[in-house]
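Bear in mind these aren't lab numbers, they're just calculated from the coordinates by the rules spelled out. All of these numbers come straight from a predicted model, not from anything done at the bench. Virtual Cβ from ideal backbone geometry, glycine too; neighbours counted across all protein chains shown.
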Amino acid sequence: MSALPTTAGAPARRARRPRTISERRDLRAALLFISPWIIGFLVFTAWPVLYSGYLSFTDYDVINDPSFIGLENYQRLLEDDKIRLSLWNTFVYAAIQVPLQVVISLALALLLNQAGRAAGFFRTAFYLPNMTPPVAVGVLMLLIFNGQDGLINEVLGWFGIDGPNWTTDQQWLKPTIIAMSLWSVGSSVIILLAALRNVPQELYDAARVDGAGFWRRTIKITVPMISGALFFVFVVNSIAAFQTFTETYTAFFGAGNTTYENDAALFYVIYLFQRAFEFLEMGYASAMAWVLFVIILVITLVQLRVSKRFVYLEGEQR
């Protein structure tokens with residue numbers, strides 16, 4: 001039998017082998033097992049996302065049927081001063097909080113990596129704050145950073161320092177929120193600690209023989225070898241920073257709070273929530289949501305592009 005004809009220089013394409021009865025049965029069983037997730041994804045994620053895209057071109061107040069208005073919602077975004085304010089607050093928060101959280105997470109992970117048998121206890125201790133409900137964290141923020149009798153100012157008073165009004169002074173609102181966001185640094189610590197445990201010990205042994213100290217080993221070996229985990233933590237925390245909502249809303253906007261100005265804490269998702277559920281402007285809020293989606297998508301794509309130069313992936317050909 002003659003071989004299949006091929007074009008010059010091109011390998012022969014192998015015919016796809018038909019699935020056996022056993023393989024088809026396994027495929028049906030696998031689809032059956034994951035069908036609850038597929039149905040949940042289509043109903044509770046894919047459909048709401050697509051429908052919000054349609055709503056972004058309508059005037060919809062929940063009570064009446066949506067009425068198509070074209071690009072008016074997006075044009076209104078360009079004229080809304082609070083959109084610019086909330087975007088600025090969100091960008092400033094993310095630009096400070098994300099690098100700070102990654103650095104602190106790496107420092108704590110390096111310490112835990114040297115903890116020996118006690119590492120298990122400290123892993124649990126660092127991760128437990130992540131189990132705290134976000135609403136409770138918002139209330140805790142007000143208690144700790146209260147300008148009159150909060151814990152932070154009380155401790156500063158022991159050293160003769162008159163602490164600021166953390167939760168009412170516009171200049172201190174963002175630092176307060178950033179400091180409180182570090183409450184949940186534990187998840188990033190656990191991820192980086194797992195990456196540190198996978199760095200080959202032989203690399204450190206060779207570096208010690210060459211006389212490299214701790215900082216040189218960290219910069220030349222540790223950081224490059226865990227750059228994949230660092231990149232993952234950076235991307236995930238960046239996305240979370242642009243979606244920050246619950247703690248800040250509870251502390252500064254909940255229960256109809258109108259006792260003081262909180263413009264410095266008006267993040268984009270908080271303003272989106274206000275437009276959607278306080279003013280029932282669902283069409284406008286949907287347009288805001290899609291703008292946020294595009295912003296996060298662009299930032300993530302830029303990070304992926306930059307990562308090709310700085311992230312080391314084992315086994316990757318460069």
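Does the stretch 55-70 contain at least one residue that is charged (D, E, K, R), under 22 Å from residue 268 (Cα atoms) and in a helix (DSSP H, G or I)?
Looking for residues that are charged (D, E, K, R), under 22 Å from residue 268 (Cα atoms) and in a helix (DSSP H, G or I), one finds none in the stretch 55-70, hence no.
Return the residues of the stretch 104-154 that are closer than 23 Å to residue 243 by Cα, loosely packed, with under 15 Cβ neighbours inside 10 Å and among the small types (Gly, Ala, Ser); say none if nothing qualifies.
Passing the criteria: only 136.
Looking at the stretch 261-277, I want the residues that are among the β-branched types (Val, Ile, Thr) and have a partner that is part of a helix (DSSP H, G or I) with Cβ atoms under 6 Å, at least 6 apart or on another chain. Which pairs are those?
270/249
Here's the yes/no breakdown for (1) closer than 24 Å to residue 131 by Cα; (2) surrounded by 13 or more Cβ atoms within 10 Å (Cβ to Cβ):
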| site | (1), (2) |
| --- | --- |
| 183 | yes, yes |
| 188 | yes, yes |
| 191 | yes, yes |
| 194 | yes, yes |
| 200 | no, no |
| 203 | no, yes |
| 208 | no, no |
| 213 | no, no |
| 221 | no, yes |
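If I ask for residues that are exposed (fewer than 13 other Cβ atoms within 10 Å of the Cβ) and of a type outside the set (A, V, I, L, M, F, W, C), which ones from the stretch 57-83 would you list?
64, 65, 67, 70, 75, 79, 81
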